[in-house]
Structure formats: structure tokens, C-alpha cells
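First up is the structure itself, then whatever we jot down about it.
Where a number appears in this text, it was derived from the coordinates with a stated rule and is not lab data. Here the structure is a predicted model, which is why all the values come from computation and not from measurement. Note that each Cβ is placed from the backbone with ideal geometry, even for glycine, and that neighbours are counted across all protein chains shown.
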Amino acid sequence: MAITKVWIEEGCIVCNACEAECPDVFHVTEESCHIKGDSRKDGRESENRDEKAELKADLQSSLEASIVAAAAACPVEVIKYDQVASADAPGSAEPAAAPAVIASPAPVAVAPEGAPTAAPAVDADIENAVDAALGTTGNTAAPVPAPSAAPRPVAAATPPDPPAANPAKPRVTKVWIEDGCIVCNACEADSPEVFHVTETTCMIKPGVRLDGKESENRVEKNGLKPEDGERLITSIITASKGCPVDVIKYEVLGDAPVVEAKPHDAAEVAAGPFVLDYKAAPNRQVVMPKTVPLPSLHTYQEEQKAAVAADGAKWAKQQADFETAKAKALAEGKDAPKPPVRAVPKKNENDMEFPAPSEAKDPDLLHLTDLLDGKVSQAFEQSGELILQVHPDGLIETLMFCKGDASLRYEMLVDQTATHYPAAEGFAFSVVYQLISISRHKRLRVRVLVKEGQDLESAVEIYPSANWMEREIYDMFGIRFTGHPDMTRILCPEDWEGHPLRKEYPTLGWGQRDIDFREDRSGVLMRMALEKAGNMGINLKVPKAD
Amino acid sequence: MEKLLVNIGQNLFVLFGLLAVGGAGVLIFSKSAVHSVIGFLFSMICVAGCFLSLQAEFLGVAQLLVYAGGIVVLFLFVVMLVELTKYQEKGIFQTQTKFAIPLVGAGLLIFGGVFRAALFGASAEDALTLQQGLVGATENLGNAQAVSRGLFANFILPFEILSVILLVALVGAIVLAKSERV
Amino acid sequence: MTPTLIQYLVISLLQIVAVLGFVMTLVPLLTFAERKVIGYVQVRLGATRVAGGLWGAQRGRTHQSRTITGGLNGFMWWLGKWPVISILRGLPMFIADALKLLTKEDIVPTDADKAVFVLSPALAMVAAFTVFAAISFSPGALFYFPAKFPFLGGLPFNGFLTDINVGLLFILGVASVGVYGIVLGAWASNSKYPLLGGLRSAAQIVSYEVPLTLSLLVPVVLTGSLNFNEMSTRMAADVPVNGLVGIGRSLLMFVGFFVYTTCGFAETNRTPFDLAEAENELVAGFHTEYSGMKFSFFFLSEYASMITVSALASAFFLGGHYLLPFGLQPAWNHFFQHSPYAILAWTCTPSILWFLLKIFFLLFVFLWVRATLPRYRYDQLMNVGWKFLIPYTLVMFVIAALLRYAA
Amino acid sequence: MFKTEEMEINLGPQHPSTHGVLRVKLHLDGETVVRCVPMIGYLHRGVEKICENKTFFQGQVWTDRTDYVASVSNNLGWAEGVEKLFGITVPRRAHYIRTMLTELNRITSHLLWLGTHALDIGAMTVFLYAFREREEILSIFEAFCGARLTTTAFRIGGLREDIPPGLEKQVRAFQARFLDCIEEYETLLTENRIWKKRTIGVALLNAEDAIALGVTGPVLRAAGSTYDIRKVFPYAAYAEMDFDVPTQTAGDTYARYLVRLEEMRQAHRIVNQCLDGLPEGPVMAKLPKVLKSEVNEVYHAIEAPKGELGYYFVGEKGGVNPYRMHIRAPSFINLQALPKMVEGRLLADVIAAIGTLDVVLGEVDR
């Protein structure tokens, strides 16, 4: 296919959109838009309205895509063009597409003067027919998606018969956003493939649109790609129903399915402790940890034993293999294979040695284990630190002993914090209390394991310094402490949702997204960014080599 | 013009007097207590102006220093600290209107009579001068000396009685404040 | 020759213009001096330039010298090359300051009592400037209009506006009205920090007025006059040095001077008594909500009252228009009055020069103290006022009366 | 008819004397503080969460931003905490250089405290004098690592580079005049009547309350305790240093002032010792290219200028990020003591108390 002629009808608003899309052909002056002399056969530069001079032959097909895009981008739709199928164009590789267009009287379409240009937009059947015709070629990967955005005047011409139209399947032909969007994200939650909520408005995504642009589609009412319109019909209707201000409009071909609107009220959000609706915000996906890095002497010893056993088994297997190989070789009269050498553990050349946990030898730990009598689940030493893990029931008792016992005298609770272990079975959090004895120069860590939703007893009575630290733990993890004088959030605002240091809490905020300008083909995001930044008087056109 | 300037003292006296009355009006009729105090202050300053225009500098300045600089500040202090809007709503203030109106009428009548007698009566013909006994003494003295001689020589008894009354008021204030506090 | 009434009024007007002009120039210069003095104490340069242009930069003209302040900056930069006058670099700061305050947005809080809010800076300003009506900068005529001068030929131009015989009381009375500016402004802002600042300030000024007045009464009792000119004249000439009494008088004046200066610092809300606007506690104290011109009125009145306090101190304690302070002038006069050297004889006569020099020195002390001392706490301030200064001044007053009796 | 009413006033979050975005809700009776509720979180950036999503090397950068006044101390805490988690041995020379820089950082932190605290109380000049010396130390940091405030000075396992040539001279030049500078501050403040009036007996916190509330650092030592992590649990090269732990018994603002001044002198001593005894050798331990942690959990505390700065790490097997990282921020815990210090006192004492606690809101909120 190729475009032979381009001209500008009256009513240009000098918006620069065409030049942005196709700078080779269009040149926007202060009063009007011109077709450049470089691209015209007669070499003149004008609006080309009366003369309708042809484009240069070599440019006819190469600039096709951009001219079509420019015509589609024109907000007042004054850019018109003649489109013909040319034999040497790459479009000829599309057998299904070519007949569809050729079937129409060539040149495809020139709207008669005074023909209604806005009216066809509602004529869903006709456009659907064209779309359906083109839709069959959807998978043949036309190099540019633009040609399928047939010029609007085509509606006035005789429509071609759809060769493979399938009216049985209902689909959405168009969807657009009226004025009044409140940027509530509900539509994106329902149908993330179609809607894209920015900071100021809601957009229809380029991926599903025929013209491949991202905008509100309010003025242009561009059609959806047929296959997407078919596939996403339910979600689009859901989004439209779910829109609290009812600004999402759509046109359906065929019978629209009956869809219930999803409620998007605050009740849903506040239902659980923290709603993890990944569909609602795919950008907030969280990779949950798989392991439980809770240091424990018991587990470590098991691991070591298992490692030794595995090593032994491997060695035994190697030897057995060697024996069989040797026997086989002897039997076949070959040379015996080399006997295996037991692998020496790799020598550690780094100044780094893992501090392995060891049995509790410190008198404090032993003394506490005696005192608490069965409430201690573990006591060990690691990295020169004393660790005592107790049952949640015995926590207050432990702390009282630590502070009050004459031979312990841990006067100060320096730190208290928690860790979330979502992958663990039987518990969800560990809460650690770092104690120091100022008089005896010793440190001790008391650890309790807490289940999800389980409350701990507050240590404020024993150690007043626990006050803010427990509030912080509540704020960050949602573990409540009974008997605390003021169990409120401390760092986050009172109405904050979720507890940030839990592992399932995402690191991206609601509505936060990574903008990749490389994907910004139509320049919408770039233009918006520029608008936001204000007109800085910088020429943003890419400089040309010539 | 010339006449106006020659009689400047007299004219200023009238002017300040009227302004003082205006300030007193603000004091009475203002809705806001602070505005009342401002009106009071204005009135006091104008009274001082009256004294000054009569060439009683010491009295004028003392008026400024004591009333404007000291007493009204304390009024303002109290008025600012008490949240009056609340009491206004409760109707604690301005409850005495029905007594005040007849009282003011009576006062106007009485003082009007006095003023009338003073201004247009027989005694209006006499010159407004100091007492005969003081006239000779003030000739070579400043204003302050004249006043002090009047206070501490001629009127020592009323002066001392006044100071006792003030002392009583002072003690009373302290007692009230203490009981409020405890 | 005595002037006619009209001539008298015209001359008075001229004098008012002269005094106001003097004070209005001195105040901005004082702010510049403040920057420089405190800068010097704090091992930094203080103001050296005025930043930016007034309007040139916005139009895209980048060259500094085309803007007004830019041109001044260029000039001042050139000044900086010369050794002594380089201290004047940054002098345009006082113009820029004034311009800034004039052109700043004038904000009135929504819930403020608008009338009072507008009134109170004016009140503070009027009180601070009316005081100068009674301050005598020079005894007698400053100069006489030349005989050929139209209308006013041969008439004296005085160094004072009025010669009230209760000048001191007038100053105190008018100055005490200044507190309303602060209190009402604070109240009218309808904000908590200003209210606290206003209350502090009112309590502070009311309580420090007592020792201030009492300490000023010491020289009044010693000389027996409330008049500005007469005070220094009597101090210098009339009261003879009389052995022990003379020494006692000088000592008393010396102590009285320090007490008075302390009270003066409190009266003007300067460090270490600047609790009304203690920016570290009350954000900006009573003028937190003020901006633009209204703020500058408060600012001006504070600096004007600094000048007042300095003028009073120099007139009543430091000998006023005479050279020596604390009533030492008679002794000096005794030796040098008839000295053959003209310069020495001249030091025995009153002059506006001495008076201004003393004022400037005291103003410098204000700045010096600000750079050096921390701030008192509110209750400590009240303690100092009521428990120390008032008893001290009372004792001084009694001693002064005894000395007067003895003399 | 009239009864007294409490006035509720918000000190902050934007206030000249709250040293950041601290908001203190005060109930005043006249000017007496009846109730004081510190409200924090205005600067909460979720540093702990961020560090859980960064590698051990990347996370260190964030520690600069917690207590931005004492970033070198924070770096040291992080580096040593990670080294403890992995069991890394750091060369002795690196320890010495780390100690020296940390002590210089202690001086800058205390100088900033001194300047701002004096400014709060109304003494302007000390601020400028203190900043004069602080600038000099910051240039030393700049010479060492290129940054003045957010240094990220150390690497896990030692230092990235040895000290540059000329740094020693620069440090010695500073050391030579610093003691005189402290004298200068003292002439302005120590015997100043007003300063003493404003600080003696103000914001009292005795040792018992301080320990109960978890208060550490100079505030605790000014109440009589000798608890100093550099002595009690020596780290870096402190075991080899000869220095005293200054203490006072009064537990008021003045005592804290004296303690911090003396700490600057002791820091000066330590820096001198580090310079004199600087050993030869490498500054970086041999480490694998990628640090992968084992299952371990450590709490490492150092004596930051403001008190005990603890880093709590949980490592998961094969993880390059900390599974959990928690900062025990001294400012956060010390700020808890504010109501205890000021209730029943005057409004101006709140300012003095906030100043004397020496909180940095970046660290309080993290």
C-alpha cells in the first residue's frame, strides 16, 4: 500500500501534532500546516488543498505509516490522503489484507465535500466490518499497525463485504473516557490491559487500540483491535460498570454479556489486615521469601550432620563406582581406572569464617535455663552473643528474672524488634529483646516466636524503654502488645494501611509506576511530562543529519 | 485661620475632649472586649491631651504614664486571657443592661445639671485658675513642683487616705488571686 | 528676635522633618551595623553585597550591572578593594532591606481581628517616634538661619523639638504606650505563639518599667530637674564637686547607669531579654503573623526605641551634651575652662557631637551584647526584675535623696 | 465563674528549635508544661525496608542518611555489623583509620550539637565558632572519601583505599589548634551566668530513669553512669586506645554540656593516638567477589556520638541482601525521655531539653 496524495483541509488549528508524527511531510507554520516541498512532486510547499499534488514516488510507501499516524493524531481531522495498494509495497506480502482493500474502489476513499465526518464514528457495523476484515490479518504481523487505522472517510464509501466476519462473538469495538474521571484506579484494577490511570486522567492503552496511541480516546473514539475487543469484553464492561463516576463508555457489537460490577468501595480495602490484590496493582508484586533464616543451634547441627552424611554417602558411592569400574576393567582386561581421591574441603583463602552456633556455656544462659524450667526452647551462643529463645508464655517471667535476679542484673532493654518469617510453619514472627547489663558488661538476646494474630505481653512495666519500641513493632509488623499504655502507630500516620516491614508489603506505592520513555512511542508521556514541566522554550526536535 | 491658631490651646482642648468622649463611646458600645479596652485607651490618651492643651504638662504626662501605660495594660491583659466568647454565649456578660439604662439617664441628668451650672451659671464668669494660695508659689516653678506642692502641702490628708484605699485594694486583689489559685 | 506664630510653626515642621529624617536614616544604618558588628564578632564578613537584580534578571538580561542593585553591587565590590572603606561593602543592604519589606506580600490571617491587626504596628511605630519630640539632641540653637533667608531669616533652628519641663516623664509616658502595639498585635493575630509572645512582652515591659523609671529618678533627684537640657547643664555646671558628696554622686551615677542599661535592654526587647520574640521558643514571638510593611513597623519601632534608650542613658548618666559622664564634667571644667588651648576650652562646652558619639557607642553595646550573651528564661527574667533590680533602684533612690540633702 | 484552661500548643513540625521535623504537642498551664507528647514519623522513609531490598554493599549508603550528622559512625556500625554476621576479620590498619575518622566524626557531631544548642538558648556566636571547626573536619572527610556529609567512608572488610597522602598532615594541623578552640567555646559559655542559669537543673534525668528509659550516650553519662561501649564492649581499635570516659553526676543540661565538651577532648586524644600508632599493612580483608550470607542473626552496637547505635541483621542462606535489618537509633530511644525531662517545667526548658538530647530526626524516624 502507499499514499499518493496528502492535503490539509480547512480548519487546521496549528497544533503541531502532525509534525510531531511525521516531520518529513508536514511543516506547521504559524497560520497553517504545509506539505513540505521536499516530499511533493511539484516541489512547492503549501497546504496542497487545491492542487492536491502527488507525493514523490520514493516517499509514497516509506512514509505511509507516519502519515497515517499523523492523520489519526490530528485532533480536528483535517489531514486527508489518498491511499492505494501498490504492487511493490511490502504490504503485498499480506494476501488477506490486500484483497480486502482492493475490493473497494481505488483510490480507497475521498470523502465528498461536505460529507459528515463525525457521523461515521457511531456507525459501528460498518467499521466493525472493516475491522473484522482487517482483523483476520492481525497475526500476519504487518510492519506497522497504522494502516489498519483506515481513514475515517472510508465510512462514506461503499463498505467491502467482510470475508470472514464472525458476528456470533460479541466484542467491544470502541471504548473511551468521558470528561470527569476522578483517577480512582478502579478501571485499571478491573481491566489493566485496557486502562491506564495516570496522575491526572485515565487513558486507553496503545496496545489494544488500532491507532496505537495512548489517550483518553475521547475525541478520536478510535476502535479497539478486534481480537482484544473480543477477549477483554467482560473486563471492559466490568470496568465501565465499576466506574464510580460512569465516564467509561463503550460500543458493543453483538450481545453484550451480563456482568456484575465489582464493588470498589472502602469496605473491600479494609476487610483484611492488609489486602494483597496483585491484580489491583500488578506493579506491586512482591516476591515472598522461601526460606526461614531463623538461627538455631538444633537446625544447624542437623544441617551439619546431614552434610557429613551426604558427604559420606557420596564418598561411598564414588568408592563403589570405582570398585565396579575396576572389576569391569579387570574383567575386560583393561587398565584399572584411577582410584578416587576423597575431596578435601576447600581451603578458605578469605578472611572470613562463618560464626557457627555453639552450645550454651555461659553461666547466665545456664542459670536462666534452670530458673525458667522448661519455658526455654533454645539457648545457644553465636558470633559471641548469647541467645535465649523462650515460649511466649514465659516471656514476662524471663524479663523479670533478667532484670531482677541478683546474679543477672540486666538493667537496660536497649532494643526490641521483630522479624517476619512468612515461610515458617508454626510461627510468623520472631520478636527479639536486646538486654544489657551495665554493671556486669554483658549482653543477652531474648527471642520469642509469635504466631500471626497472636498478642504478646508488653514489657513496659519491667522496662519502660519498651514503650516506643513496642509501638514501632506494632506499627511495622502489626504485633499487638497487651498491657501497653498507648498501643498506637508511631512512625506511620494513624490511618496507614498495612504494616510496612512485613514481607508481603510491596515496595512500590499505590499508583507508583516506572515510566520507561523508550516505550513511549506516541510521545504521550513525553508530552505530558513537558506540559508538566512547563514550556521551557527548548526545541525538542531531534536534530537531523542534513 | 489666624484666630484658630491663636486660640489653639482652647481649640485643642475641645477637640481632645470630643475625641475622649468618642473613645468612651467605643468603650461602652463595642461588642468585643478588646475593642472596648482600645476605646478606653484612646479616651485616656485624649484626656492626657486635654491636660497638655491646658499646659498642665505634668498631669497630662502622668495621666499617660499611669493610666495609658499601666492600668489599661492590665485591663487588656485580663481581657485577652479570659476567653470572653464563651461567656458571651452563656449570657454572663451584659446582664446589667436593664439597670444600666436608667442609671445612665439619671447620671446624664445630674451631670448635665452640674455642667450647665459650671459652664453657663454664675461661677462660669470666674477665671479657671489655681487656688489663691498657690498662685504666688507657682510663678517661678515648673509644673511638677506646683502639683507636688498641692499634693503634699495642701491636700496631704486626702492623699494619704487615697493611698490607704489603694493599699486595701492591693491586698484584696492578692487575697482574691490566692484563693482562686488554691 | 521672637518668631511669629507662623514662622514658629514652619520652623517646628522643619525640625520635625530633620529629627525624623535623622532617626529614619539611623535605623536602617543600624541594621547594617548590626550585620557588620555581629559578623565581626562571629568571624564572618557580614553583608558584602545585595543578591540578585531587582528586575533585570527576570527579563533575561544576565549582566549584573544593568540592574539597580547589581550596579550598586559593582560599585561596592570596587569599594572592597580599598582597605578601610571596604567595610562599607554591603551598605546597599539597608536599601535592599527596606525595599524588600516594602514590596513583600502583606498577609493578614483569616481569623485575625483585622482592625486591631492593622492598628497595632502603627501604634508601636507612633509611640516609638513620638518620643523624639522630647529628646534634645543639642542644647539651644543648632544654627541660625542666615539673615537673607526668606521668611525665616535670623531665626534659630533648635536641636530639639520641644522643651517640656517634664521631658523625661513625657518620654516614659509615650514609650509606655508602645507596649500596646505588641500586645494588641499579638492578640489580633489569633495565633498561639504570638499570644504567648505578647503576654511575655507585656509582663516584661510593665515590670521593667518600674526599675527603669526608678533608676532614671536617681539623676533627677541629684539634679532636681525633669528637663532634658537643664539636666545636663546642671550636671555639668551648676552642681559643684563637693568632696565626698561629689564622689558619691559619681559612683551612684555609675551604678545607676548599668542598672538603667539593663532595664533598657529589657524595655526594648533586646538580647538577653528578647523573650517576646525568642525565635527559638516562640517562632518569632508577637510578630509571627506579620509580614511586609506591618512587620517593618515593628522592626522600626524596636530600633527607634533602642535609639531612645541610648539617648536617655547618654543624657541622664553619660553627661549628655558634655564630654564627661557620671557628673565628672565640673571637675574637668574646673581645670580646663580657662585653658589657653582652644581645643581644651572647647571640650568644656556642650556640643551635639558628644551626645551623638555616646548614642552611637551605646548602640554598639546593644549589638555587642546581642552577639555575646544567651537569653534568659522567662521566670528568671521576672526574678531579675522584681527581686533584684527594683530593690537596687529603691536603695539607690534613697541614697540619691540623702546625697541631695547633704549637698 | 472562671477556671484556668490548659493551652495546647504544637511545637513543630516546622519550628526553629526542633532540629528537624519533630512535633511536640504541649499542654501548657501559663508557660508551665503540663503534658508533653512527642510525635514523630514526619521523616519516615522506611530505611529498614529499603535496606532489606538492597545488597549488603548498597545498604550502607542508606546509613549515611539516617543520622546525617554522624554518618561515619553509622557506616562503621553497618560495616562492623555485617562483618560480624559473616565473620570477617578486618586488618588492623583499617581499624585504626576507622577509629580515627569515627572520632573526628564524633567531634563534628558534638560541634553541631554545641552550636545549635547554644543557638537555641540564645547564644548566637558559638554556633559560628563551632561551624568553623566543623568545616575543617568536613574537608578532611572530603579529602578521604570525596564526600563531606554522606561519606559511606568504609567498606565491608576494611577500607576501599588507604588514606591519601597529605591527609595525616591535614589532620595534625587540625589537631594542633582544636584544643584552643574548645577553650574558646568555654570562655563564651562555661562560666557565663546566663548560660548556667539556663542549663543548671534544667531537663533533669537521673541515672535510674535514664537506664529505665534506655537512654544512652552522653545523656546517660552526665547522670553518673560510666557506660561507654568503647570501653565496655570494645570494637574497632578502641581496645588499644588510652582514653577516659567523662562523667558528671548532676544529670542536667549543664552536666551534658560538660560531658560532651570533655568527650571532644578525649576524641582529640584518640585521634592523636591513631595517627601516632598507625600500623602498616593492608586496609582490606580478602573477600569473595559476592558476599552470600549464612543463617545468622547478629546485633552489633557501637558508641555513636548520640548513644548506643545498634545494627540488627538477620541473614538467610545464600542471601545477598539482609533478610532483616533494624537500626537501634539512639536518638529514637533518647527522645522517649523528653516528657520525663520537661513535664512541670517551663516552655523554654523544652527547647533546652530537645537541644540537650541531641536528636537527629533522620535517625529518629529512619
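Worth pointing out:
- For D:R35, the residues whose modelled amide H falls within less than 5 Å of its own, excluding neighbours fewer than 5 places apart on the same chain, are D:H27.
- Sequentially through region D:151-156, phi angles give Karplus couplings (6.51, -1.76, 1.60; θ = phi - 60°) of 7, 6, 6, 10, 10, 5 Hz, Gly and Pro residues having no value and appearing as x.
- Charge tally for A:Q304 (other residues, Cβ to Cβ under 14 Å; Lys, Arg +1; Asp, Glu -1): -3.
- Region C:163-184 and region A:362-379: distance between their alpha carbon centers, rounded to Å: 79
- Partners of A:K241 within straight-line reach, counting aspartates and glutamates whose Cα lies under 15 Å from its Cα and excluding those fewer than 8 residues away in the same chain: A:E178, A:E188, A:D190, A:E251, A:E260, A:D265.
- Estimated 222 nm signal from helices in chain C, with DSSP H stretches of n ≥ 4 weighted -39500 (n - 2.57), rounded to 500: -20000 deg cm²/dmol
- Label separation (B:L151 vs A:D246): 8.5 nm, computed from points 7 Å beyond Cα along the C-beta direction.
- Within chain C, helices built from complete DSSP H runs that reach 18 Å or longer along their own axis (Cα positions) and carry a mean Kyte-Doolittle hydropathy of 0.5 or higher are C:5-41, C:114-130, C:167-188, C:192-223, C:244-267, C:292-316, C:352-372, C:390-406.
- Counting, for every residue in D:112-123, the Cβ atoms of other protein chains within 10 Å of its Cβ and taking the mean gives 3.
- Nitroxide proxy distance, nm - points 7 Å out along Cα→Cβ at B:R116 and B:I174: 4.9
- Sequentially through region D:327-344, phi angles give Karplus couplings (6.51, -1.76, 1.60; θ = phi - 60°) of 9, 8, 8, x, 5, 4, 6, 5, 5, 4, 7, 4, x, 4, 6, 10, 5, x Hz, Gly and Pro residues having no value and appearing as x.
- Cα gyration tensor shape of region C:141-228, rounded if a/c is under 1.5, else prolate or oblate by comparing a/b with b/c: oblate
- Mean per-residue shielding of peptide D:45-58 is 2, counting Cβ atoms of other chains within 10 Å of each Cβ.
- Total formal charge among the other residues, if their Cβ is under 13 angstrom from that of D:Y96, Lys/Arg +1 and Asp/Glu -1: -3
- Rounded, prolate or oblate (a/c below 1.5 giving rounded, otherwise prolate when a/b exceeds b/c) for region D:165-306 by Cα gyration tensor: oblate
- Computed over all pairs of different Cα atoms, the Kirkwood value for the hydrodynamic radius of region D:24-103 is 15.5 Å.
- Averaged over peptide C:161-170, the number of partner chain Cβ atoms lying within 10 Å of each residue's Cβ comes to 5.
- Report note on the peptides A:420-428, C:313-321, C:283-291: ranked by the mean count of other C-beta atoms within 10 Å, highest first, their order is C:313-321, C:283-291, A:420-428.
- Approximating the spin labels as points 7 Å out from Cα along Cα→Cβ, the C:V126-to-C:I6 distance works out to 3.0 nm.
- Amide proton proximity set for C:F160, modelled H, under 5 Å, gap of 5+: C:F137, C:S138
- Region D:94-99 - phi-based ³J(HN,Hα) in whole Hz, Karplus 6.51/-1.76/1.60, Gly and Pro as x: 4, 4, 5, 5, 4, 4
- Listed peptides C:79-90, C:219-230 by packing density, highest first (mean Cβ within 10 Å): C:219-230, C:79-90
- Mean Cβ count within 10 Å, highest first, over the residues of peptides A:12-23, D:348-359, C:152-163: D:348-359, A:12-23, C:152-163
- Counting only alpha carbon atoms, the long axis of helix D:125-145 and the longest principal axis of chain D meet at about 20°.
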